[in-house]
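J.: Please see the structure below; I have some questions.
The values are calculated or read from the model by the stated rules, or taken from the named source; none is laboratory data. A quick note: this is a predicted structure, and the numbers were derived from the prediction, not measured. Glycine gets a Cβ as well: all are built from the backbone with ideal geometry, and neighbour counts include every protein chain shown. To get the accessible areas, we keep the full protein, side chains included, count just its heavy atoms, and leave off ligands, DNA and RNA. Shrake-Rupley method; radii C 1.70, N 1.55, O 1.52, S 1.80 Å.
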Amino acid sequence: MSGEQTAEKSMAAVTDGKIAEKVKELEDRIAQLEVNKGNMTMVLFSGDFDKAFAAFIIANGALAMGKEVTMFVTFWGLDAIKKPAFSTAGRGFLEKMVLAMRPKGPNKLATSKMNFGGIGPKLFRFMMKQKNVEQLHTMIEMAQEFGVRIVACQMSMDVMGLKKEDLLDGVEVGGVALFLNSSYQSNTTLFV
Amino acid sequence: MATRLDFKGMNCPMPIMKTAMAVKKAASGDQFEIVCDDPGFEPDITAWCNETKNVLNGIRKEGKDIIATITKA
């Protein structure tokens, strides 16, 4: 066998090896995409009753379809995941004032339209009950039962003087990197 | 024999969530007959089956009731 032929053969082997490597890499990437298929990340920024309600209905739907759902809760959205009652002892004057002015928990939220100084949400809750629509706090509990990951924004909590124990049990605390990481691994991201 | 699930009077998204819960506990090949009177149930159960790969055997209507039969994939 001439030296030329040997060189040609080893070249072919190198090319084959490279193709196999490339195929393996692509297969891994496709497998990763299939794993992520349908996972969803949401930002719950709004503390409006109606918007939080919509967010949790969508989250529950995705969970019912067997998807992983992460809800990153920031700013006014935090109102929706507060415990109905907690002590603000040991916090600064401004923090106490902000906490006193904001609703505590899903049953106290205002509506984005037709709030009428708090009468609107009462009316909507009554109408929803009449039509057998589940309440917001039940939607949150159901989502948690289905394994939703609720992450409260650390920075917003600090600004408002909120502590982890003021929020519903099972809520994690995290930052923007956690949200982005979760979003990059999802193929649906919603901002509510 | 299909397990009968009665979700009459329930509204979105409860019928889908309750279906998901029941199907999750079942074994592959198990059948369900789901009764619901929410008009949104027909497109919803179709979409849910399409996404979850569970088999929608058929949907029929009896008055206001929508009856879907599904088989767990």
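J.: Can you compute log10 of I(q)/I(0) for region A:39-191 with the Debye formula, treating each Cα as one identical point scatterer, at q = 0.09, 0.20 Å⁻¹?
T.: -0.28, -1.28
J.: In region A:56-87, which residues give up 40 Å² or more of accessible area once the other protein chains are added, compared with their chain alone (1.4 Å probe)?
T.: At a threshold of 40 Å² (probe 1.4 Å), the residues of region A:56-87 that become less exposed are A:64, A:65.
J.: Continuing with the same structure: Just the accessible area per residue of chain A, please: how many Å² with a 1.4 Å probe? Mind showing how you got there, number by number?
T.: Working: 11160 Å² over 192 residues.
Using a 1.4 Å probe on heavy atoms only, each residue of chain A averages 58 Å².
J.: Per residue, what volume in Å³ does the convex hull of the Cα atoms of the protein assembly as shown enclose? All intermediate terms of the calculation are to be shown ahead of the outcome.
T.: Numbers: hull volume 51.3 nm³, N = 265.
Taking only Cα atoms, the protein assembly as shown has a hull volume of 193 Å³ per residue.
J.: Let me ask something else. For region B:1-49, list whatever residues lose no less than 40 Å² of accessible surface once every protein chain is in place, relative to that chain by itself, with the probe at 1.4 Å.
T.: Residues meeting the cut-off: B:11, B:13, B:14, B:17, B:21.
J.: Helix A:49-64: angle to the longest alpha-carbon principal axis of chain A, degrees 0 to 90, nearest 10?
T.: 40
J.: How much length would be gained if the chain were fully extended between residue A:138 and residue A:87, taking 0.36 nm per residue of separation minus their Cα-Cα distance, in nm to one decimal?
T.: Here the segment from residue A:138 to residue A:87 would lengthen by 16.0 nm.
J.: Sticking with this structure for a sec: Want the number for residue B:24 to residue B:61: 0.36 nm per residue separation, take away the alpha-carbon distance, what's left?
T.: Full-extension gain reported as 10.8 nm.
J.: Next up: For the B and A pair, go ahead and give the buried accessible area with a 1.4 Å probe, both sides summed, in Å² to 100.
T.: For chain B against chain A, roughly 1200 Å² becomes buried.
J.: To continue, here is another question. I want to verify a result. In a Gaussian network model of chain A, Cα cutoff 10 Å, which of these has the top mean-square fluctuation: A:132, A:181, A:60?
T.: Ranking A:132, A:181, A:60 by mean-square fluctuation puts A:132 first.
J.: Follow-up question, since we're still on this one. Assuming R0 = 22 Å, what is the FRET efficiency of residue A:163 and residue A:108, from their Cβ-Cβ distance, to the nearest 0.05?
T.: Efficiency computed from Cβ-Cβ geometry: 0.75.
J.: Right, next: Once you put a point 7 Å from the Cα of residue A:155 and another 7 Å from the Cα of residue B:42, both along the Cβ direction, what distance in nm separates them?
T.: Output for this residue pair reads 4.9 nm.
J.: Still on this model: Just to confirm the number: angle between the C-alpha axis of helix B:41-52 and the first principal axis of chain B, 0 to 90 degrees, nearest 10?
T.: The angle comes out at about 20 degrees.
J.: Hey, what's the Cα Rg ratio for chain B versus the globular rule of thumb, 2.2 N^0.38 Å?
T.: My calculation over the Cα atoms of chain B gives 0.97.
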